[in-house]
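Every number here is computed from the coordinates shown, using simple stated rules; none is lab data. All of these numbers come straight from a predicted model, not from anything done at the bench. Quick reminder, even Gly has a Cβ in these numbers, built from the backbone with ideal geometry, and neighbours come from all protein chains shown.
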Number of protein chains: 2
Amino acid sequence: MKATLPQGTRDFSAEIVSKRNFIFNTIRTVFELYGFQPLETPAMENLDTLMGKYGEEGDKLIFKILNNGLDNPSKHLQARQELEKVLDGKNTKGLTERALRYDLTIPFARYVAMNFGQLTLPFKRYQIQPVWRADRPQKGRYREFYQCDADVVGSTSLLNEAELTSIYSNVFKKLGIDVEIRINSRKILAALAELCGGLDKMMDITIAIDKLDKIGMEKVKEELSQRGLQADQIAKIENYLLITGSNEEKILALQDLIGGIETGKKGIAEIEFLLSFLPSSVIGQLSADFTLARGLNYYTGIIFEVKAKGVQMGSIGGGGRYDDLTGLFGVPNVPGVGISFGVDRMYDVMEELKLFPATVQTGTKVLFFNLGEAESKTAFGLMQQLRDKGISAELFHENAKFDKQFKYADKKGIAYAVIIGSKELHEGTCMVKDLKKGEQKTVLQTELIITDF
Amino acid sequence: MKATLPQGTRDFSAEIVSKRNFIFNTIRTVFELYGFQPLETPAMENLDTLMGKYGEEGDKLIFKILNNGLDNPSKHLQARQELEKVLDGKNTKGLTERALRYDLTIPFARYVAMNFGQLTLPFKRYQIQPVWRADRPQKGRYREFYQCDADVVGSTSLLNEAELTSIYSNVFKKLGIDVEIRINSRKILAALAELCGGLDKMMDITIAIDKLDKIGMEKVKEELSQRGLQADQIAKIENYLLITGSNEEKILALQDLIGGIETGKKGIAEIEFLLSFLPSSVIGQLSADFTLARGLNYYTGIIFEVKAKGVQMGSIGGGGRYDDLTGLFGVPNVPGVGISFGVDRMYDVMEELKLFPATVQTGTKVLFFNLGEAESKTAFGLMQQLRDKGISAELFHENAKFDKQFKYADKKGIAYAVIIGSKELHEGTCMVKDLKKGEQKTVLQTELIITDF
């Protein structure tokens, strides 16, 4: 039998795990500095919890778990009979009752609803776990990938948006990724809709605008037309999309356009609050971008999107405010705001721009050569001393030729060899060889612990 | 809709995540000090990769993923037609082609087989990931749980067993868990079988002995009898199981019993090597225990099992040597040895014995009170300074009564409050309150950064 991996899934070897953990740990550290606490939910949720939350297309992409005992009906009579019951409608539980997590938001909502009485509000949680989607695999799109979310629920304060913006700024600075954090407010888009055809046109306008980056202005206008907007309305939307300049200039232009509409005023005030409240170190990365729309229709206030500068790459972060997280699970009126990091894309950006520090990859630092049983017993004891000091060390697994042991060190990128042969054993010394410089020195075994590695 | 969790699965809230991560990080650090490198494999494997590897019972407990588009046949005609094809044998792919990881060993074997040419041997990997089993949920047994494995493949050297024993010793010392590391060799059990009815009785003997802890000597003898062993053979096995004393005394007694059998000699030599090679700090925890059998039938040499002292709890670690990891995947003759940590049980032991250090739970350390927009803007800037120093801090989300802000700090176990009202804003000071001691002092805002928290 030939070993293969399911389509759209990946193994992560040591180098990749270390680099990914560098990203995860950076984000985790920042989340915790901001008072966010970890949550982990199971990979499986009840099918009912997930279905109907991601639209019809989403439902199709949820991986469902086959109920037990139903597989292999061609071989097992019982499985066959159970499946026939499913087809006859006599097996009410059907084929599947559980499914794999499709994102982290719905499991979080389910958790908040289940534990609402116990939570201290505002509740700030972060969650870093894989999700699964039965998408057609393609470059950069996998069926298993990590999401990395922070949300605050139970507060309508814009301070939360300020904190989340600051988290974005802080994480990307720590990682060395130069970014533009784009913000807009859904209230501004709502005002635009009021101006052009009414609030019921909001989703049409949002969906079309959301494609601006990908398809360009002319195609957006075509799409708006197909969606039933009139030429004068489309002209206003074009004016809106063409607003440019500094954050202040853009806000002035926007005020002319929608400042007279109540919802528009509120949206502008949200953006102005963030621009006035955040320190200049964050403002430098922040861009009010009224062309930002975000596809998901549950956002109601500030929306975020992060782009890396200097690379061709989709957004590496996004999020926004929503009015009602847990209504679907019987706990209404829990507002919140959240952001998400696109870790796979961040990884690609950091590889492309060579941003991973050399120290990320740890691996073994010192290889003790194996030159016989008595020699290796002494080596074993010394090796434990180094490990107790936090230095990663190995003893070669067998008494082999020097050549073979050097080759092993070379392949594993090990920096130092410690060699104890019969002469050194007798003298109580060891030879320490710097494998990169090719230098070597003899030190007392009792002084190996104070040797610099 | 009421929010519920699937049977046998758990949410982990902040406190539990922190404690579990303390265990994972301790193990991970030790693995890396010993030169083991991380591997992560996908949650899903091809069904073929997993089926037939865990026995008939195991196959039933594997969670299978329903092929796309087959769910909900009562509503969707197409799903119905596809299912009918499955029953007619016309859909050759059937219901399911993928399944969730059942353990970490088979995915590791699949990985080694797929990448054999690229690996530097001996290849030392560790893996800390969840696995899923459709077991009947009960106390302490879950359908999703973490495994935590380290294996060395491509080497028959007993030094690997010595290293793995040392890893066990090191990890449990770091965690403060007092343990007995029991070792035996399958070769000794093979010699016992040769002595009592022949090698073909080995599995019968192993399976019966494996139950000694649970069912006691009399029931083991009954089972041996039911499995076709004669009274004189059972008497020899009883003699074997009754061997007691120090490690040295037990080996002497064992030599009398099976020292004349070639396999027995080899097994004894394996145990003697470990006892003579390992430093006394490890030997103190190590016990040669010839009643140790381990259920899995692929072990061929040294086997391990770890028990915590002072608590009633099954084994918290186990492993052993195997001859052929990847033969099933077309790459024969890859020997190896591995150990596993039972993290869920280790967690329970540490809770029961109160071994988690108080510092494990981090959470927010400083709450900045919110007493107005200008005040909170100043607070926001100061808060960033503390965060840059690595101190976790929050600004209360709204300008609320003191009482409410103190209550929030109390519920979240926050140690310090920093209060900036209009007076402090005017004076350039802030009040720092130690919420545990109830003490407070006024410090200059410029000196908050050098204040001890």
TODO: Treating each Cα of the range A:93-151 as an identical point scatterer and ignoring solvent, apply the Debye formula and state log10 I(q)/I(0) at q = 0.23 Å⁻¹.
DONE: -0.98
Task: Helix axis angle, A:373-388 relative to chain A longest principal axis, alpha carbon, degrees - done: 40 degrees
Task: Rounded Å value of the spacing that divides the Cα centres of the range B:398-453 and the range A:387-427 - done: 55 Å
Open item on the list: Going by average Cβ density within 10 Å per residue, which order do the peptides A:265-277, A:182-194 take, highest to lowest?
Closed with: A:182-194, A:265-277
Task: Cα-based radius of gyration of the range A:183-339 once divided by 2.2 N^0.38 Å, which approximates compact folds - done: 1.04
TODO: Name the residues whose placed amide hydrogens come within less than 5 Å of the amide hydrogen of A:Leu371, ignoring near sequence neighbours (fewer than 5 apart) on the same chain.
DONE: A:Ser376
- [ ] Would you mind getting me the FRET efficiency between B:Asn68 and A:Ile215? Use the beta-carbon distance for r and R0 = 41 Å, nearest 0.05.
- [x] 0.90
Task: Cut-off under 5 Å, modelled amide H: who pairs with A:Ile302 long-range - done: A:Arg186, A:Arg321
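Could you tell me the calculated FRET efficiency between A:Phe453 and B:Leu121, based on Cβ-Cβ distance and R0 = 25 angstrom, to the nearest 0.05? Intermediate values should be presented prior to the final figure.
On the way: r = 25 Å, r/R0 = 0.99.
Computed FRET efficiency for A:Phe453 and B:Leu121: 0.50.
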Open item on the list: For a quick check: with amide H placed at 1.01 Å from N, whose amide H comes under 5 Å from A:Val334's, ignoring anything fewer than 5 positions away on the same chain?
Closed with: A:Leu325, A:Thr326, A:Gly327
Task: Identity and axial distance of the chain B residue whose Cβ lies nearest the axis relating B to A, Å - done: B:Leu66, 2
Open item on the list: Using only the alpha-carbon atoms, how far is helix A:14-33 inclined from the longest principal axis of chain A? Give it as 0 to 90 degrees, nearest 10.
Closed with: 60 degrees
Open item on the list: How large is the Kirkwood hydrodynamic radius of the range B:363-450, counting all unique pairs of alpha carbons, in Å?
Closed with: 12.7 Å
Task: With Cα atoms, 0 to 90° folded angle of helix B:402-411 axis to chain B main axis - done: 10 degrees
- [ ] For the range B:316-322, take each phi angle, set θ = phi - 60°, evaluate the Karplus expression 6.51 cos²θ - 1.76 cosθ + 1.60, and give the result in whole Hz per residue in order, putting x for glycine and proline.
- [x] 10, x, x, x, x, 9, 10
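How would A:Val337, B:Val131, B:Val349 line up from fewest to most surrounding beta-carbon atoms within 10 angstrom? Display every interim value, and only then the final one.
Working: A:Val337 28, B:Val131 18, B:Val349 24.
Arranged by neighbour count, lowest to highest, A:Val337, B:Val131, B:Val349 become B:Val131, B:Val349, A:Val337.
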Task: Approximate spin-label separation B:Ser422-A:Gln440, in nm, with each point projected 7 Å along Cα-to-Cβ - done: 7.9 nm
TODO: Distance between Cα centroids, the range B:268-307 to the range A:195-223: provide it in whole Å.
DONE: 70 Å
TODO: Along Cα→Cβ, 7 Å out, is where each label goes; now give me the distance between the ones at A:Asn239 and B:Ser276 in nm to one decimal.
DONE: 9.4 nm
Task: Fewest-first sequence of A:Val30, B:Val17 by Cβ atoms within 10 Å of each Cβ - done: B:Val17, A:Val30
Open item on the list: Starting from 0.36 nm per residue, how many nanometres of slack lie between A:Ser246 and A:Glu352 once their C-alpha separation is accounted for?
Closed with: 35.2 nm
Task: Copies compared at A:Ser276 - label distances in nm, ascending, label defined 7 Å from Cα in the Cβ direction - done: 8.3
Task: Distance between modelled label sites at B:Asn25 and A:Lys401, nm, 7 Å Cα→Cβ extension - done: 4.6 nm
Task: Cross-link table A:Lys2/A:Lys401; A:Lys124/B:Lys2; B:Lys309/B:Lys412; A:Lys85/B:Lys139; A:Lys401/B:Lys124; A:Lys53/B:Lys19, entries beyond 26 Å C-alpha to C-alpha - done: A:Lys2/A:Lys401; B:Lys309/B:Lys412; A:Lys85/B:Lys139; A:Lys53/B:Lys19
